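The values are calculated or read from the model by the stated rules, or taken from the named source; none is laboratory data. Predicted model only: the values in this text are computed from it and were never measured. Note that we place each Cβ from the backbone using ideal geometry, even for glycine, and neighbour counts take in every protein chain shown. Ligands, DNA and RNA are stripped out before the accessible areas are found, and what is left, the full protein with its side chains, is counted by its heavy atoms. Shrake-Rupley method; radii C 1.70, N 1.55, O 1.52, S 1.80 Å.
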Amino acid sequence: MKGNCQCTCDFSNEDPRIKELEKIIEEYKGQEGSLIPVLHGAQELFGYLPEEVQIYIAQALNIPLSEIYGVVSFYSLFTTEPRGKYIIKLCLGTACYVKGSGKIMENLEKELNIKMGETTEDGLFTLEGCRCVGACGLAPVLTVNEQVHGRLSPDDVPSLIRTYRLKETQES
Amino acid sequence: MEFYRCHVLVCAGTGCSSSESEEVRRTLNLEIERLKLDKEVKVITTGCFGFCNLGPIMVIYPEGTFYCQVTPEDVKEIAEEHLLKGKIVSRLLYRDPEEDIQVTDFEKIEFFAHQKRIALRNCGVINPEEIKEYIARDGYYALGKVLDQMTREEVIEVVKKSGLRGRGGGGFPTGIKWQFAYDSPGKIKYVVCNADEGDPGAFMDRSILEGDPHSVLEAMAIAGYAIGATQGYIYVRAEYPIAVKRLEIAISQAREMGLLGENIFGTNFNFDIDIRLGAGAFVCGEETALLTSLEGHRGEPRPRPPFPAVKGLWEKPTLLSNVETFANIPAIFLHGPEWFANIGTEKSKGTKVFALAGKINNTGLIEVPMGTTLKTIIYDIGGGIPGDKKFKAAQTGGPSGGCIPAQMIDTEIDYDNLIALGSMMGSGGLIVMDETDCMVDIARFFLEFTQEESCGKCPPCRIGTKRMLEILERITEGKGVPEDIENLEVLAKTIKNASLCGLGQTAPNPVLSTLKYFRDEYEAHIFEKKCPAGVCQALLTYIILAEKCKGCGLCARICPVGAISGKPKETYVIDTNKCIKCGTCIEKCKFGAIVKE
Amino acid sequence: MKSFEELKELRKKLKDELINRDDEYAARIEVAMATCGITAGAREVLNTILEEIKLRGLKNIQVSQTGCPGLCYYEPLVTIIKPGNPHYVYGKVNSERIKQIIAQHVINDQPIKEWLVNLE
């Protein structure tokens, strides 16, 4: 994506996010162990880490692309696929499991008509399982983006999804 | 519709009518008119409240204030004070003579009575975003004392004397670790705080970082002085955004006050701390994997030795401890190592924080002296099991630990006793299970977890856990074969002995400990094809109890696969060949007539 | 902070302030705001408290946040401290309850017994 980039990516040099990414890279450049913080920053900007962004980071930090891909694919928080506007992460930790998160996942899959790890066609929801969020006292727990919902029952699922759908129609 | 801010209910029952209630109502209306409140306050005459000996009675909503024995003279005061200003006239309030509210200190609640809070001393007490509140509670005093009055050797001696052991899982003596890092030659050394709290069911580190971040910063600075480091890193899970934010605030406040940075307290000691975020890999809780991740690579562990204290971050001597361990340090310096060593058991000093979760009434975070029995934790502090169900086992140590069965409930919990039981302290997650939890299924759950989180570097862990998981899945699906138990045991031994890091070495523990204490459940799954706890779907059959079924037919109508048939007012029957065990019928049956066996 | 002595002085000053601050406010409201508390709805409660204070024009009310005291099953937790009184701890607080707690307890000194956690 630098100057004479040949790839067919959606990100041109005019994309304002590239400028932001440059700033992040500038902040960490030269520091040891800078790759993971830069990837965190990039994912926050773009929502995911497409190949083009990885290439850009590889060139800017002078790290082989293979190594970057190795890191991206190793950590579960990094993703190379675009995700929905609302990312639902159901806690699959022990406390939540014992308190019935399995049934909640079933209902979420039914309600959204997708499987765990997938995104709805309208791009609104991504459904994921996650490791313990540390709110075990309120198990079972799920997060929608930054918002945490606790003390859930399987019956709460439809109304929860409805709330976000409603929010979406109101916003648009 | 008109909106009234306030509704006043005045009773007009016989009892009250006889005790001036008529007069009270008349005065009230006059007062409301006088104060021009008629648009805001509505007076409603009601029937008898049943408290006739206290009449006339007046109730004011929305607050629900209950006035009794109201005289016409009182009405004026009620109108002026309460209706106009919102201030309750307390002398007219109803008071049950025996029910005066007695509030106790937090410490006197049963939940706190058995606790001793050292690592959690400030959690829930101070504002974590205000350094001054920490200083007012003796914060940074230990650091000041150390820099002002103690040599590096003396500092290490204090930690050794306290008997503190690592709270992250292994239980390695902290003082000896400090000594190793001190002894390692090198100009550049690091202090790293492991805040990658990955054990599902453990959240004490999050709570400390969110409730008392400065205690960790202060302890890291003390450690830096002792071993000769000038830079610290806190490796924290990205799943803990609030903890990260509070740490950021704490670090910048400490820098501003000169408690981090150069020439701390006017001495020539420099120390600063940076935060690094994890990215969702459980294995990074293992110390060598954490360091590899900090360096910016895939978080794969490396062989030990060399230990981090000798060759750690960027091959430099590194002192690595977890959050709870650090949180104990300032308290040890404030109160002395002898004080700390007096708490706990012979080989496990001090306290341990446990996260109580699962089938327990009082879920929460507790800190008890080492050696407290499981019984005290579950019944006295945790308030027992909900629904009066039977306690079956407590799981400690997360995916690396094991189960403590009900017959061991009097065990005094410390590092060594837990290992003797086949479990481990781990980071302190304590998940309570009752009779409705299937132990084979729990073992499967943990293997699924470790299998997914295995980094893949060494084959015993990568392949071995996969094979174990396959066997467990087979058993829970009713396809277990007699040799499965033996195969699990052989695999477990190999994985334990041959894996590179702690993740693999402890991964078989949940299976081994459930096999040890709940072998009969494995055997029931394999030989009788039954799940005694009623959890494993494939092994259950749904039946309708003739004595309870009223023949309403609701189950037959809602069954998604048409597996239920029958005639109205007669007992319905489930065709087990068609039944997909979805459980919808059980949820909907009003008579509790459908059960799974 | 240039010396240990300076810290000692600051600590003393802050401790005195802690003791004396009782006289400076009519009530202090503390909300437990760790992840567990926020999950249970503590942020909403905190916002309601601020709204109520503004709406009712209350003076000298200090609002603060703390970490988690460990009583997850009672979250969200709110502590009401009035000078010279013991600490009243309310459990399972929501927006509706906090409005009533402010009206009855903070303004009118009538603690609501049913919702208190630390009762003898």
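Here the relative contact order of segment B:220-314, from alpha carbon pairs under 8 Å that lie six or more residues apart, stands at 25 percent. Taking 28 Å as the limit for the C-alpha separation, the pairs B:LYS375/C:LYS113; A:LYS103/B:LYS466; A:LYS99/C:LYS113 exceed it in the case of B:LYS375/C:LYS113; A:LYS99/C:LYS113. Shape class for segment B:187-245, computed from the alpha carbon gyration tensor (a ≥ b ≥ c): prolate, with a/c not under 1.5 and a/b above b/c. For the pair A and B, the buried accessible area comes to roughly 3100 Å² in total, with a 1.4 Å probe and the value rounded to the nearest 100. For peptide B:483-490, the mean count of partner chain Cβ atoms within 10 Å of a residue's Cβ comes to 0.
Available extension along the chain between A:VAL144 and A:THR169 is 7.3 nm, counting 0.36 nm per residue and deducting the alpha carbon span. With the Cα gyration tensor of segment C:7-75 giving a ≥ b ≥ c as the square roots of its eigenvalues, does the rule (a/c under 1.5 for rounded; else a/b larger than b/c for prolate; else oblate) give rounded, prolate or oblate? Oblate. Shown are B:GLU286, A:GLU118, whose ranking by accessible area with a 1.4 Å probe and every protein chain present, most to least, is A:GLU118, B:GLU286.
Do any of A:LYS115/B:LYS359; B:LYS160/B:LYS316; B:LYS479/B:LYS529 go past 18 Å between their Cα atoms, and which? Going by Cα-Cα distance, A:LYS115/B:LYS359; B:LYS160/B:LYS316 fall outside the 18 Å limit.
Setting aside same-chain residues fewer than 8 positions from B:LYS39, which lysines have a Cα under 22 Å from its Cα? Leaving aside lysines fewer than 8 places away in the same chain, those within reach of B:LYS39 are B:LYS76, B:LYS85, B:LYS87. For B:GLU315, the accessible surface of its heavy atoms amounts to roughly 130 Å² (probe 1.4 Å, protein chains only, rounded to the nearest 10). The Cβ shell under 9 Å around B:GLY502 holds other residues with a net charge of -2, Lys and Arg each +1, Asp and Glu each -1. Sorting B:PHE180, A:PHE46 by accessible area puts them as B:PHE180, A:PHE46; the probe is 1.4 Å, largest comes first, and only protein heavy atoms count. Summing both sides, the accessible surface hidden between B and C at a 1.4 Å probe radius is close to 4100 Å². Atom-type composition of the exposed protein surface of segment B:131-341 places 51 percent of the accessible area on carbon and sulfur (1.4 angstrom probe). For segment B:131-341, just say rounded, prolate or oblate: build the C-alpha gyration tensor, square-root its eigenvalues into a ≥ b ≥ c, call rounded for a/c under 1.5, and beyond that prolate if a/b exceeds b/c, oblate if not. Rounded shape, in that the Cα axes give a/c under 1.5.
Shielding by partners for peptide A:122-134, expressed as the average number of C-beta atoms from other protein chains within 10 Å of each residue's C-beta, is 5.
Pairs from the list B:LYS177/B:LYS352; B:LYS349/B:LYS493; B:LYS108/C:LYS92; A:LYS29/B:LYS311 with a Cα-Cα gap above 21 Å: B:LYS349/B:LYS493; A:LYS29/B:LYS311. The mean number of partner chain beta-carbon atoms within 10 angstrom of a residue's beta-carbon across peptide B:204-210 is 6.
Expressed per residue, the C-alpha convex hull volume of chain B stands at 239 Å³. Converting phi to 3J(HN,Hα) with the Karplus coefficients 6.51, -1.76 and 1.60 and the offset θ = phi - 60°, segment B:152-162 yields 4, 5, 5, 4, 5, 4, 4, 5, 4, 4, 5 Hz in sequence order, with x at every glycine or proline. Simple rule: put +1 on each Lys or Arg Cβ and -1 on each Asp or Glu Cβ in the protein assembly as shown, find the dipole, and look at C:TYR74, B:LEU545, B:PRO560; the Cα lying farthest toward the positive end is B:LEU545. What does the net charge come to around B:TYR140 if you take all other residues with beta carbon closer than 9 Å to its beta carbon, with K and R at +1 and D and E at -1? Neighbour charge sum, excluding B:TYR140 itself: -1. Surface composition of segment A:86-171: carbon plus sulfur atoms hold 49% of the accessible area, using a 1.4 angstrom probe and ignoring ligands, DNA and RNA. Accessible area buried by the pairing of C and A, both sides summed with a 1.4 Å probe, works out to roughly 600 Å². Close amide-amide hydrogen proximity is noted between B:ASP272 and B:GLN231, B:GLY232, B:GLY261, each under 5 Å apart and 5 or more residues distant or on a separate chain (H modeled in the peptide plane; Pro and chain starts excluded). The lysines within cross-link reach of C:LYS12, meaning a Cα-to-Cα straight distance under 27 Å and a gap of 8 or more places when in the same chain, are B:LYS116, B:LYS132, B:LYS145, C:LYS2, C:LYS82. Relative to the Cα centre, the charge distribution of chain A, modelled as +1 at Lys and Arg Cβ and -1 at Asp and Glu Cβ, gives a dipole magnitude of about 600 debye.
Only Cα pairs under 8 Å and 6+ residues apart enter the sum, and on that basis the relative contact order of segment A:20-126 stands at 22 percent. Fraction of C-alpha pairs exceeding 28 angstrom in chain A: 36 percent, rounded to a whole number.
Solvent-accessible area per residue in the protein assembly as shown equals 43 Å², computed with a 1.4 angstrom probe and all protein chains kept.
For B:TRP178, B:TRP339, the ranking by accessible surface with the largest value first comes to B:TRP339, B:TRP178, using a 1.4 Å probe. Within the straight-line cut-off of under 22 Å between alpha carbons, the lysines reachable from B:LYS548 are B:LYS567, B:LYS569, B:LYS581, B:LYS588, B:LYS590, B:LYS596, sequence neighbours fewer than 8 places apart in one chain being disregarded. Mean sequence separation of contacting Cα pairs (under 8 Å, at least six apart), scaled by the length of chain B, corresponds to a relative contact order of 11 percent.
With 57 Å as the cut-off, how large is the P(r) tail for the protein assembly as shown, expressed as percent of Cα-Cα pairs? Summing the P(r) of the protein assembly as shown above 57 Å gives 17 percent of all pairs.
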